[in-house]
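Below: one structure, written as structure tokens.
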Amino acid sequence: MSLLAGDTWLNAPAGSFLRIPADVTHSTSRVRLVPFRAKEQQQVTDRFSSRSAWASRACDAISGAVAGKASERFVWAVNTLEVRSADRLLEVGCGQGVAVSLVCERLTTGTITAIDRSPKMIEMATRRNREHVDAGRAVLEAIALEDADLGDRRFDKVFAFNVAPFWQQPEAALGAVREHLARDGAVYIFWDARHFAPEGARDLGNELADRLREGGFSVDRVLVEDLRPVPAVCAIGRPKG
């Protein structure tokens, strides 16, 4: 069975995915459950994880423009970080800078560095956080994690929400993070469960914990929060040794 680039794939139970062919619009006559072999399932899983960040950012941009306030999941994420006034933080994949704003409200002498591979997102985040950038509390850079030159900067907390490299290449992504964690620093990997049934959020959290272990981190906690419209999870880890 081949994977068609234009098709839509939705999670379904028991190792299957729901296939909606690209040319189906109003009719559901060709929508069917397709049992996947392991290799094919991984191909689709990779497509979900790589598109997840884009989809969530698009939703946040729309909801932010309409509602004019931070989405519930970012409020929960920043609360989970327990930001202290002097913390040094790094956000990977900051999107339009919603979390940056929430973090900066809690900082006095601390700072946040936020990176995103999209110059457009950094432009939006900079506009949103102009006051914090001008005050030196926030530094925003349009660059991917694997290309970032963070020099001798060290961070107490590193976090990311729906950022594909932490799912797809955890050793490389977490290796880059480890180099810049302060002593006793921690990494927080957040993900929303939009592609999981509500009762599957815990499974997603456990999978994130496995990614941390693959990257050489020990797992402190796995959190699951029943947010709307979808639950969210967080795996918190620290470097081994």
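Values in this text are rule-based calculations from the coordinates and carry no lab data. In this text, all values refer to a predicted model and were calculated from it rather than measured experimentally. With ideal geometry, Cβ positions are generated from the backbone for all residues, glycine too; neighbour counts draw on all protein chains shown.
Annotations for the structure displayed:
- Net charge in the neighbourhood of ASP87 (other residues with Cβ under 10 Å of its Cβ; Lys, Arg +1, Asp, Glu -1) is +2.
- Positive minus negative residues near ASP226 (Lys, Arg vs Asp, Glu; Cβ under 13 Å): -1
- With contacts taken as Cα pairs under 8 Å and at least 6 residues apart, the stretch 72-239 reaches a relative contact order of 19 percent.
- Packing-based order for 138-144, 158-164, using average beta carbon neighbours within 10 Å, highest first: 158-164, 138-144
- Proximal charge balance of GLU131 [Cβ under 15 Å; K/R count +1, D/E count -1]: +3
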